[in-house]
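The next block holds one structure in the form of structure tokens; read it before the comments.
The values are calculated or read from the model by the stated rules, or taken from the named source; none is laboratory data. Please read these numbers as outputs of a predicted model, since none were measured by experiment. No Cβ is skipped: glycine too gets one built from the backbone with ideal geometry, and neighbour counts run over all protein chains shown. The area values use the complete protein model at the heavy-atom level, side chains included, leaving out ligands, DNA and RNA. Shrake-Rupley method; radii C 1.70, N 1.55, O 1.52, S 1.80 Å.
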Amino acid sequence: MKRSLVFVVALLTRALFAAEDDHTGFRVIQERSEDGVTLIMKSNYCVEYTVTLEATLKNMTSSRPLPFTVDAAGRSSFVLARFKKTDKSQPWTYNYYYHWEYGGRRDSTSNDADYAMPFGPGRYVVMQGPRGSYSHFKGSGSENAVDWDVPEGTIIRAAREGRVVGVRDDSTFSGTDPKFKPLGNYVIIKHADGTFADYHHLKTDGARVHIGDEVKVGQPIGLSGQTGFTSRPHLHFMVFQAIDGKKVLSLPFRLKTDHGVFTEFIRGQSY
Ligand SMILES: [Zn+2]
């Protein structure tokens, strides 16, 4: 899932420039003061994400060297930067672009843990495997994701224990146009080693956990569906970490079931 958002503001007003963000729950709010502006990052559905801010300033200075990348680290609202007027007698302007991705950064790219089938016991068919040409191709950020072919309403269970850091289940949209990419419902779980699992395309109102919940392996976390960028009901399962606000790295994972251990997933085969 590529979920970056680019956002540009060239003029100073007190209005919230939130048009596109209504769909994603991510937005930057500007608070103006006498000597400049404070940019506050907010999110509705996820508290573990990574933001990259780029900006062009004229007659202003930034509280943080630009561009920069910062981790939300559990916060749904935090100050991104303060832009201060340098010479108040001269004209001043700013433009900024922000990009966000789910999850946080890590020092390592290892993923040495066992993952359970995210539906519990049984055999399930792979609809699209790693590096699949539909949406898991190189550069997609989903290179190691697996799409499991399950009917809408299938109970999704945590494949690994962790803490729920992202939940969205209010989207009713789906389709094959890439514009639907930010419109999938999901549960995101953070693991002890700093990796994240994305359970994606959940049914509307299909989440069964809340941000902050600790979940055990096998615990029901939601119902599968068909929201977002997809033409058929399925579960997109991916383990990942953020690279910056523009890219995530999907990680290979080891699936351990009662009938075997699997690290490769081929379209059309069951596991
Ligand atoms: Zn997928």
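Numerical summary
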quantity: Accessible heavy-atom area order of 196, 137, 262, highest first, probe of 1.4 Å; calculated: 137, 262, 196
quantity: Which listed pairs, of 138/216; 42/181; 42/85; 42/203; 84/246; 85/181, have C-alpha distances above 28 Å, in listed order; calculated: 138/216; 85/181
quantity: Under-5 Å amide H pairs with residue 174, H placed in peptide plane, nonlocal only; calculated: 228
quantity: Dipole of the chain [Lys/Arg +1, Asp/Glu -1 at C-beta], most positive-end residue of 104, 253, 90; calculated: 90
quantity: Other-chain or far-sequence residues with amide H under 5 Å of residue 213's (modelled H); calculated: 164
quantity: 198, 213, ranked by accessible area, largest first (probe 1.4 Å); calculated: 213, 198
quantity: For segment 205-220, Karplus couplings with θ = phi - 60° (6.51, -1.76, 1.60), whole Hz, Gly/Pro x; calculated: 6, x, 6, 10, 9, 10, 4, x, 5, 8, 10, 9, 4, x, 6, x
quantity: 3J(HN,Hα) from dihedral phi, segment 145-150, Karplus parametrisation 6.51/-1.76/1.60, rounded to Hz, x for glycine, proline; calculated: 7, 10, 9, 9, 7, 10
quantity: With DNA, RNA and ligands ignored, accessible area of residue 101 (1.4 Å probe; Å², nearest 10); calculated: 0 Å²
quantity: Residue 127 accessible area, assembled protein chains, probe 1.4 Å, Å²; calculated: 40 Å²
quantity: Nonlocal amide H pairs with residue 243, under 5 Å, H built at 1.01 Å; calculated: 248, 249
quantity: Extension gain, residue 266 back to residue 40 (0.36 nm per residue minus Cα-Cα distance, nm); calculated: 77.0 nm
quantity: Point-charge dipole on Cβ atoms (K/R +1, D/E -1) for the chain, about Cα centre, debye to 20; calculated: 460 debye
